[in-house]
1. In what sequence do Cys117, Cys98, Cys141 fall when counting other Cβ within 10 Å, fewest first?
2. So, R0 is 22 Å and r is the distance between the beta-carbons of Cys98 and Arg119; what FRET efficiency does that work out to, to 0.05?
3. Output wanted: per-residue J couplings in Hz (rounded whole) for the range 73-90, from phi through Karplus 6.51 cos²θ - 1.76 cosθ + 1.60, θ = phi - 60°, x for Gly and Pro.
4. Spelling out what I want: for every residue of the range 100-105, take phi, set θ = phi - 60°, compute 6.51 cos²θ - 1.76 cosθ + 1.60 (Karplus), and round to whole Hz; glycine and proline get x.
5. Can you list which of the trypsin sites (Lys or Arg not before Pro) found in the range 51-143 are DSSP loop residues with at most 11 other C-beta atoms within 10 Å?
6. Compute, for the range 56-140, the length of the dipole vector about the Cα centre, with Cβ point charges of +1 (Lys, Arg) and -1 (Asp, Glu) only. Units Debye, rounded to 20.
Amino acid sequence: MLWTEFGMCMCGKGATLYKGGPPGLARVSSAMAELRRALLVLSCLLVAARCYPQTCYTKVLDMAQEIMVQAAEMREAPETQHCTAHLPDLHIDVHNACVMQTVRTYMSMLDNLDDICVRSRKVRALRAILRRLYLIMVHKCHG
């Protein structure tokens, strides 16, 4: 059997012309098209995914962004709003020479909050990630 691009089947002595191709070919081509689309999407996802380990620099950038988001959420949260309203907006620019002083100052502000605030989950989480960022910048990314 030979299928041509015109949907013709050559069988033995005669030729039969099928409208739209041979029966069942539509299902096969539809499945192949879906498979191609799935492979295309998968390949795009693989390219978009990080295929390399984080460097110290990218880790610090990601942590700084996460800290700024957590600090804003902490200031707006109802359980900590009353005792963190006086804290300044936290902006961590890791390219700025004063970033270490900014992190140290904010950590000391968090340490000096009321006991009720210090015990809240949001404040403890922010303090922990700030300390981690500070230690990474001091000991691992120092040069």
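1. Ranking Cys117, Cys98, Cys141 by Cβ neighbours within 10 Å, fewest first, gives Cys98, Cys141, Cys117.
2. On the way: r = 30 Å, r/R0 = 1.37.
Once the sixth-power term is evaluated, E becomes 0.15.
3. 5, 5, 5, 9, 5, x, 6, 10, 4, 5, 10, 10, 5, 7, 5, x, 4, 9
4. Using θ = phi - 60°, the values come out as 5, 5, 4, 5, 4, 5 Hz.
5. Of the trypsin sites (Lys or Arg not before Pro), the ones in loops of the range 51-143 whose Cβ has at most 11 other Cβ atoms within 10 Å are Arg119.
6. Its charge dipole is roughly 380 debye.
Bear in mind that the values in this text are calculations on the coordinates, not laboratory data. Worth saying up front: this structure is predicted, and the values here are computed from it rather than measured. Cβ: placed from backbone, ideal geometry, glycine included. Neighbour counts: every protein chain shown.
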